[in-house]
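First the structure, in the form of structure tokens, and then the observations on it.
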Amino acid sequence: MSYEHISEVWLNAVRQDEGSAEHYSELAAWCEGLEPGDQRRGFDRILRELSDFGIAPDDTRKDVASQWISLLADSGAFESAAIALIPRTAIFTGGRMQDGSFVAQVIPEGSAGAHSRNARSLSMAWLAALLRALARRAAELKSTAAG
């Protein structure tokens, strides 16, 4: 599986059940609060939560995706690991503010964008923005299913 397809594993199977949007939002806030030295711990939790939360469609693809992203994070390529989770069709931006905090925005194709502000590292800002985009998508899917 190429890095371009890894993110599709996560985004294409977003849960729409009760509480999923709130869970993704809570994970996003947790990512933003992590110190730069805790980025690896952030990836460990997010990968575990996403796979445990049931959004990876099959075990083989999930395992390959998790291994690839874990390898990037283990090597200290945190920004590359975060980008590997962002769908290739999404628009994303990120940067550092004058006060040293990081901001990011992720706009998945066909869905509303989401942002992160005041993260302590760029990789966690991208993850937080992606998680908020997942939260929005879960809420959109739930709303569509109910209507």
When you check Ile107 against the structure, is it in contact with a strand residue (DSSP E or B) (Cβ under 6 Å, 6 or more places away or on another chain) and open to solvent by 40 Å² or more (accessible area, probe 1.4 Å), yes or no? yes
Within the range 56-82, residues crowded, with 18+ Cβ neighbours inside 10 Å and either in a strand (DSSP E or B) or modelled with pLDDT of 90 or more (or both) come out as Leu72, Ala73, Phe78, Ala81, Ala82
Scanning the range 110-137 residue by residue, those open to solvent by 40 Å² or more (accessible area, probe 1.4 Å), in a loop (DSSP other than H, G, I, E, B) and modelled with pLDDT under 95 turn out to be Gly110
Of (1) under 15 Å from the mean Cα position of the chain (by Cα); (2) surrounded by fewer than 22 Cβ atoms within 10 Å (Cβ to Cβ); (3) of a type in the set (S, T, N, Q), Thr144 fails just (1)
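Yes/no per residue for (1) open to solvent by 60 Å² or more (accessible area, probe 1.4 Å); (2) modelled with pLDDT under 95:
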site	(1), (2)
Asn12	yes, yes
Ala29	no, no
Gly33	no, no
Gly37	yes, no
Arg41	yes, no
Pairs returned, first residue in the range 20-45 that is part of a helix (DSSP H, G or I), second residue that is among the β-branched types (Val, Ile, Thr) and surrounded by 17 or more Cβ atoms within 10 Å (Cβ to Cβ), beta-carbon separation under 8 angstrom, 6 or more apart or interchain, are Ser20/Val14; Leu27/Ile46; Cys31/Ile46; Phe43/Ile69
Screening Leu72, Leu130, Leu134 for residues that are of a type in the set (A, V, I, L, M) and over 14 Å from Leu27 (Cβ atoms) leaves only Leu72
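The values are calculated or read from the model by the stated rules, or taken from the named source; none is laboratory data. Everything numeric in this text was worked out from a predicted model, so none of it was measured. Positions of Cβ are generated from backbone atoms using ideal geometry, with glycine treated the same way; all protein chains shown enter the neighbour counts. Remember, those area values only see protein heavy atoms, side chains included, never the ligands or the DNA or RNA. Shrake-Rupley method; radii C 1.70, N 1.55, O 1.52, S 1.80 Å.
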